[in-house]
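Asks: This structure is in structure tokens; I'll ask about it shortly.
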There are 2 protein chains.
Amino acid sequence: MANIKDVAERAGVSVATVSRVLNGHSPVAATRDRVLAAVAELGYRPNSVARALRTARTGALGLLIGDLTNPFFTELADAVEDEARSLGYSLVIGNAGESPQQQDDHIRTLIDRRIDGLLVSSAGTGSPVLRETAAAGTPLVLLDRAVDGLDVPCVRADGRAALADLAAHFAALGRRRPAIIVAPAGTRTGADRLRFFREALRPYGIELPDERVGATPDLQPTGGRRVMRGFLDLPEPPDAVLATDNLMALGAMDEIRARGLRVPDDLALVVYDDVPWFRHTDPPLTAIAQPTRELGRAAVHTLLERIEGRPAESVLLPARLVPRRSCGEPVPEHAPHTPEPADEARAPVREHAPHAPVPTDAPRTTDGSNGSDTDTNTNTNTNSDTESDTDTHNERGSA
Amino acid sequence: MANIKDVAERAGVSVATVSRVLNGHSPVAATRDRVLAAVAELGYRPNSVARALRTARTGALGLLIGDLTNPFFTELADAVEDEARSLGYSLVIGNAGESPQQQDDHIRTLIDRRIDGLLVSSAGTGSPVLRETAAAGTPLVLLDRAVDGLDVPCVRADGRAALADLAAHFAALGRRRPAIIVAPAGTRTGADRLRFFREALRPYGIELPDERVGATPDLQPTGGRRVMRGFLDLPEPPDAVLATDNLMALGAMDEIRARGLRVPDDLALVVYDDVPWFRHTDPPLTAIAQPTRELGRAAVHTLLERIEGRPAESVLLPARLVPRRSCGEPVPEHAPHTPEPADEARAPVREHAPHAPVPTDAPRTTDGSNGSDTDTNTNTNTNSDTESDTDTHNERGSA
DNA sequence: ACAGCTCGGGTAATCGATTACACGCGACCA
DNA sequence: TGGTCGCGTGTAATCGATTACCCGAGCTGT
């Protein structure tokens, strides 16, 4: 493979000149053409490894996600990649497989490869390696999953309003024995979702006792199934279940199906994360949709702020309830999707619970851990149209 | 961040010694301990950029996939990553978004970063960049999607037997007006699936006329929906549709649903690629499952052969039909999944069509492009158990 | 006791780029 | 006409590792 020296010789100049031409540090026309000709003839491409060594910049960002086979993360990664590419960075995706140890391996590898910054959707509770990385000054931004006691900006969705809507939904449909399947104990995300759900139910006089709170060990279908089994074996089984992750919901559905039960007749089911298949399940699933692509975009911007040395704040974007038929009537799923694009975008979205005194008002700052960690929406992108993202399936040009 | 010089000073030795100790080129105990102590105290980690520059090896493999939001690719990537990691390589995933141009961008970036080898699931027809890469001698292996006229090993699934089973299935159920939704014209995968399906139907006297062959422009749900609309607007609409990709199937289901039609009553639907949600759709979908994880593993091994300079052969692993209820009776979906793990593994799998003279016999080599491109299964891994992979959902330890 | 061999470890070249510094040449001004 | 300024370009240091080569000390054999 040709290197800069070959180009220099061929063009009859020094390597310095070649470098300068290629980096636009020398806008001279004379030698410039000779150099460019030589580059073209040799098919020369600069060696990014050498460049990175010299400049101490790789032009790559790292993204650690919990699970590559989880459609939520996959969409997140897709959005992050798009944004990173459009800003001239390439993205290295690391898959933790929900294992903190594997996550640590990846963090180390990425740091060793001198990525310019790191986005982490942390598996488990934050590991020591993660804390060291933050302490070492590596530009770091948390994505989707906050980590207690880690003073680093975090970009994630705020589910409070959506959970309030859900509580209203349950109340309106007479579901009074809800249950929740949450992420492993100790994770901030699981704890938050549980707490907000409980708080949202209270105004309706609906209880969420501990026996109807099931933590999975693994954030996988198996775990969801196991928890659902426990619920169904209860003397008084729940009449509505919220699975706080789509994979756990999958396992829960397996168990429901295996017992010959029907949704929503025997049990209502609601899922966190909205994936395209939920419209086609039996029945179509009511879901809490996170603004996945916006989260990805915001995370990249936040990380770039850090990389460029500016202070960056946390970002919190609202999630929303997408009612379908898995909680029972009345949600008639209005004559399904006739227009081609952007059909789902018109799904009923309520910004505040319609008929109830929901506690979404004043004291927004509920956690004391991170000072800047409130409603601050630092979303900087100027895209005013929110449509095409919450849309049916993310479409891609080429047609 | 500490470098090798700092370590050398602290240990009172030269950088050469440090390097030797760290690379095991010097099994001496005396200085060794001092060096290791210094490494530990400083928290030193070798700079892989510098190392890569010197050794001309990065220890990274590249994987280009068609679409990150496609669960088939996602599972493939997951498998490739697992295998690469277990062999000491890290993986850089590039998402082409089914755009050949974006794919070319990625290829170039990866080559510039001097990855040790490249796995490509090519979007569109093979691009010039891809051909140049192969010609330049970069270790290259194609994955899932073959590219005509590119003399490079390819690891993919053989759908012939599964399609033969499907033809038998259709014949047995009296479906005599099949249709097929295929990938964009020009792609080898689309052409193959179409041809094999047609050939498989012939023995039953079932025709597959061109009007019931729909190519999507984009391999996305939108395209699938558009094609399905065309089919349903036909004077004689099909009574069975095979979507050769899960995303296109999703779009097809959108259209079916929008028209208020029912599967399988009004139309049978079969999907290429088996994703976990297909068991929960309405109705559960009959699918053609590819041995995704095995493909990923085999691809990594094949690539390593190339990297180490050995010749490598193409790999062809059989796909299989997983009958569910989307073609009508009789496939009663035997009392769904009672045992917890590995339930789907027991689904009826027929290696050869049960009751018909299917043309799967002698002339296996149907394409003349690549000499070594036959049934050769070069799968080298010694894992004898095939179980846990074709299983319900891929489970991951941690519990 | 001395030649020769082994072996640990230091010196310095090297990978392929970027970039500070210096130099030469032409132009401009006094 | 001579000095200075500026511009374009070359020389060489540098990034952080690996590794060929060489040197010196200690051990062995005769």
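The values are calculated or read from the model by the stated rules, or taken from the named source; none is laboratory data. Note that the structure is a prediction, hence the values are computed from the model and not measured. Positions of Cβ are backbone-derived with ideal geometry, glycine not excepted, and every protein chain shown enters the neighbour counts. For the accessible areas, the whole protein counts, side chains as well, though only heavy atoms, and no ligand, DNA or RNA atoms are used. Shrake-Rupley method; radii C 1.70, N 1.55, O 1.52, S 1.80 Å.
Asks: So if I average 1/r over every pair of distinct C-alpha atoms in segment A:125-165 and take the inverse, what Kirkwood radius in Å does that give?
Replies: Values: mean 1/r = 0.0872 Å⁻¹.
One decimal place: 11.5 Å for the Kirkwood radius.
Asks: Another question, if that's okay. Pop out a list of residues from segment B:277-303 that are at least 40 Å² less accessible with all the protein chains around than in their chain alone; 1.4 Å probe, no ligands or nucleic acids counted.
Replies: B:W277, B:H280, B:D282
Asks: Follow-up question, since we're still on this one. Estimate the FRET efficiency between B:E236 and A:L261 by the formula 1/(1 + (r/R0)^6), using the beta-carbon distance for r and 45 Å for R0, to the nearest 0.05.
Replies: On the way: r = 40 Å, r/R0 = 0.90.
So, using R0 = 45 Å, E works out to roughly 0.65.
Asks: Still on this model: Please report how far the C-alpha centroid of segment A:235-252 lies from that of segment A:260-295, rounded to the nearest whole angstrom.
Replies: If you average the Cα positions of each part, the centres end up 11 Å apart.
Asks: Taking 4 °C and 1.567 mPa s as the conditions, I'd like the Stokes-Einstein D for segment B:268-307 in µm²/s, using the Kirkwood hydrodynamic radius from alpha carbon pairs.
Replies: It comes out at roughly 109 µm²/s.
Asks: Tell me the Kirkwood hydrodynamic radius of segment B:249-288 in angstroms, computed as one over the mean inverse distance between distinct C-alpha pairs.
Replies: Over segment B:249-288, the inverse of the mean reciprocal pair distance is 10.3 Å.
Asks: Here's another thing I want to ask about it. For the pair B:E132 and A:D6, how long in nm is the line joining their label points, each one 7 Å along Cα→Cβ?
Replies: 1.3
Asks: With the solvent-accessible surface defined on protein heavy atoms using a 1.4 Å probe, which residues belonging to segment B:55-91 display a reduction of at least 30 Å² in accessible area in the multichain context relative to the isolated chain?
Replies: With the partner chains in place, segment B:55-91 has these residues losing at least 30 Å²: B:L68, B:T69, B:T74, B:D78, B:E81, B:R85, B:S90.
Asks: For segment B:82-204, what does the convex hull of the Cα positions come to per residue, in cubic angstrom?
Replies: Considering the Cα atoms of segment B:82-204, their hull volume per residue is 132 Å³.
Asks: Tell me the relative contact order for segment B:183-243 as a rounded percent, counting alpha carbon contacts under 8 Å between residues six or more apart.
Replies: Working: 34 pairs, mean separation 18.0, N = 61.
Averaging sequence separation for qualifying contacts and normalising by length gives 30 percent for segment B:183-243.
Asks: Rounded, prolate or oblate, given the Cα gyration tensor of segment B:55-99, with a/c below 1.5 counting as rounded?
Replies: oblate
Asks: In Å, the Kirkwood hydrodynamic radius of segment A:154-277 over pairs of distinct alpha carbons? Numbers along the way, then the final one.
Replies: Details: mean 1/r = 0.0698 Å⁻¹.
Final number for the Kirkwood radius of segment A:154-277 is 14.3 Å.
Asks: Here is a further query. Classify segment B:209-301 as rounded, prolate or oblate, taking a ≥ b ≥ c as the square roots of the eigenvalues of its Cα gyration tensor: rounded when a/c is under 1.5, otherwise prolate if a/b is larger than b/c and oblate if not.
Replies: Details: a/c = 2.30, a/b = 1.66, b/c = 1.39.
Verdict is prolate for segment B:209-301.
Asks: Something else: Report the Rg/Rh value for segment A:1-157, based on alpha-carbon coordinates and the Kirkwood definition of Rh.
Replies: A ratio of 1.13.
Asks: Continuing with this model, one more query. Would you be so kind as to identify which of A:G174, A:P71, A:V39 lies farthest towards the positive end of the dipole of segment A:38-176, taking Lys and Arg as +1 and Asp and Glu as -1 on Cβ and the Cα centre as origin?
Replies: Towards the positive end, the residue furthest out is A:V39.
Asks: Return a whole-number percent for the relative contact order of segment B:137-225, with Cα pairs under 8 Å and 6 or more residues apart as the contact set. Intermediate values should be presented prior to the final figure.
Replies: Numbers: 100 pairs, mean separation 24.9, N = 89.
Reported relative contact order: 28 percent.
Asks: Using a ≥ b ≥ c from the Cα gyration tensor of segment B:61-143 (square roots of the eigenvalues), is it rounded, prolate or oblate, where a/c under 1.5 gives rounded and otherwise the larger of a/b and b/c decides, a/b for prolate?
Replies: The shape class here is oblate.
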